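Participant: For reference, the structure I am asking about is given below.
The values are calculated or read from the model by the stated rules, or taken from the named source; none is laboratory data. Small disclaimer: the values here were computed from a predicted structure and weren't measured. Here the Cβ positions follow ideal geometry from the backbone for every residue, glycine too, while neighbour counts run over all protein chains shown.
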C-alpha cells in the first residue's frame, strides 16, 4: 500500500548507498479526516486561543510582557535541542553571553524571534523569511559554521551521538529533493485552500521538521513557524503562543507521533496531538497573563505611598524589572538615565516593600531579583 505521507528514495550506490525519505506535498491525499474527537479538539483549541487573544490585547505594558515571554520561549526551545542553561542565566546581567555558549544560543534565538515577527510585516511566510530568520539564529554561535541562512546542499540525518547514514534514526530528503519539497511547502503555506488554520499549522510544522532543510537549527525554526503562521493568518493577535513548553514536557510523544506519520501516513493522530498542544498552551499563557497582571496591580498598590517627587521614577523602575527581573545598580541606572545613588535608593524602596529581593553579589555588583515575577515565568523551564 502506498504511504500517504511519502516514500523512500535510494541514493548513491555500492558501499555508499543510503535511503532517504521524500515527503509527499501537502495537503495529504486523501484529505485529513475530521472525526468527532478531532472536531471537539478543534473547538476547544479555537475557544482557548480566542480567550488568549482577547486577554493579550488588554495587557498593561504589553510590549514588556511579550519581550519577557519571547525570552522564555527562546530558553525552552533551545533546551529541547540540548542547551543547558536556566532562566536566571539568560536574564542575569552579570552573565556574559560571549563567554557562556548556552546563553549565547538563547540570546540569538530571542533576536531571531523578534526579527521574524518584524519581518512578517513586510513579507508573507515564505522561504526567504525562513532563511533570513535562520541566519539571525545561527549568527556567531554553535552551528554558525553550518551555512547560516542557506538551505543545505549536503545530506543530513537524525540520530544519537556518533550516528552515521548507516544507522541514523531518520534521514531527511536528499538535497535535490529537499529543494523541491521546500518549494512545495512554501506554496502550501500561502495557498487559500479553506483548511482550518490550526490543522494547517500542524501540517506545516510536521512537514518542515520532516524536510529538515538546514544543517542545524531546524527544530527551533520549525517551532517558531507555528507562531508566525498563526499570526500571518490573524489567528494570533500577538506573539504570545509558543508550543515549546508543551513539546518539551511531551518530547517522546512529540517525536513518536511525527515518526508515525512518516511510517504509516497517519496524519490524524499527529494533528490531534498538536491541537491538544495548542489548547493547553493557550490556557497556560492565559493563566500566566492573569497572574502577571495581578502581580503588577498588587505591586502598584504597594507603591501608592511613594512621595510624588519619586513616583515617576519608581514606576519606571517597576516597568524595567518587568522586562529585566534580575538587575544590578549600575546597568539599571544607565538604562533608566538615572544617577547610581538615585537608582540604589529606588531599588531599596522596592526591597523594603518586598518587591525586589537581594539575590547575590557578582564581583563588586549587588544583584537583585524580582522573585515573584520569576516564579511565574519559571514554570516548565
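Participant: Looking only at region 51-86, which residues are assigned to a helix (DSSP H, G or I) and within 27 Å of residue 161 (Cβ to Cβ)?
Facilitator: 73, 74, 75, 76, 77, 78, 79, 80 - these are the residues of region 51-86 that are assigned to a helix (DSSP H, G or I) and within 27 Å of residue 161 (Cβ to Cβ).
Every residue, every condition in (1) surrounded by 21 or more Cβ atoms within 10 Å (Cβ to Cβ); (2) modelled with pLDDT of 85 or more; (3) touching a strand residue (DSSP E or B) at 6+ places or on another chain (Cβ under 7 Å); (4) assigned by TED's automatic domain parsing to the domain that holds residue 116, yes or no:
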residue: 54; (1), (2), (3), (4): no, yes, no, yes
residue: 60; (1), (2), (3), (4): no, no, no, yes
residue: 66; (1), (2), (3), (4): no, no, no, yes
residue: 74; (1), (2), (3), (4): yes, no, no, yes
residue: 91; (1), (2), (3), (4): yes, no, yes, yes
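Participant: Still on this structure: Quick one: residue 294 ticks every box in (1) modelled with pLDDT of 95 or more; (2) out of contact with any helix residue (DSSP H, G or I) (no Cβ under 9 Å at 6 or more places or on another chain) except a single one, so which number is it?
Facilitator: (1)
Participant: Taking residue 227 and the conditions (1) out of contact with any strand residue (DSSP E or B) (no Cβ under 6 Å at 6 or more places or on another chain); (2) under 20 Å from residue 16 (Cα atoms), which numbered condition does it fall short on, given that it satisfies the others?
Facilitator: Result: residue 227 passes all but (2).
Participant: Right, something else. Can you pull out the residues in region 333-370 that are touching a residue at least 24 places away in the same chain (Cβ under 8 Å), assigned to a helix (DSSP H, G or I) and under 19 Å from residue 296 (Cβ atoms)?
Facilitator: Within region 333-370, 346, 347, 349, 350 meet the criteria.
Participant: Within 17 Å of residue 108 (Cβ to Cβ), surrounded by 23 or more Cβ atoms within 10 Å (Cβ to Cβ) and either in the same structural domain as residue 25 (by TED's automatic domain parsing) or in contact with a helix residue (DSSP H, G or I) (Cβ under 6 Å, 6 or more places away or on another chain) (or both): is that true of residue 147 in this structure?
Facilitator: Spelling it out, it is not the case that residue 147 is within 17 Å of residue 108 (Cβ to Cβ), surrounded by 23 or more Cβ atoms within 10 Å (Cβ to Cβ) and either in the same structural domain as residue 25 (by TED's automatic domain parsing) or in contact with a helix residue (DSSP H, G or I) (Cβ under 6 Å, 6 or more places away or on another chain) (or both).
Participant: Same structure, new question: Considering only residues of region 171-186 that are assigned to a helix (DSSP H, G or I) and in contact with a helix residue (DSSP H, G or I) (Cβ under 7 Å, 6 or more places away or on another chain), which is farthest from residue 200 (Cα to Cα)?
Facilitator: Top of the filtered list is 178.
Participant: Quick one: residue 331 ticks every box in (1) surrounded by fewer than 18 Cβ atoms within 10 Å (Cβ to Cβ); (2) under 30 Å from residue 24 (Cα atoms) bar one, so which box is it?
Facilitator: Here residue 331 meets the rest and fails (2).
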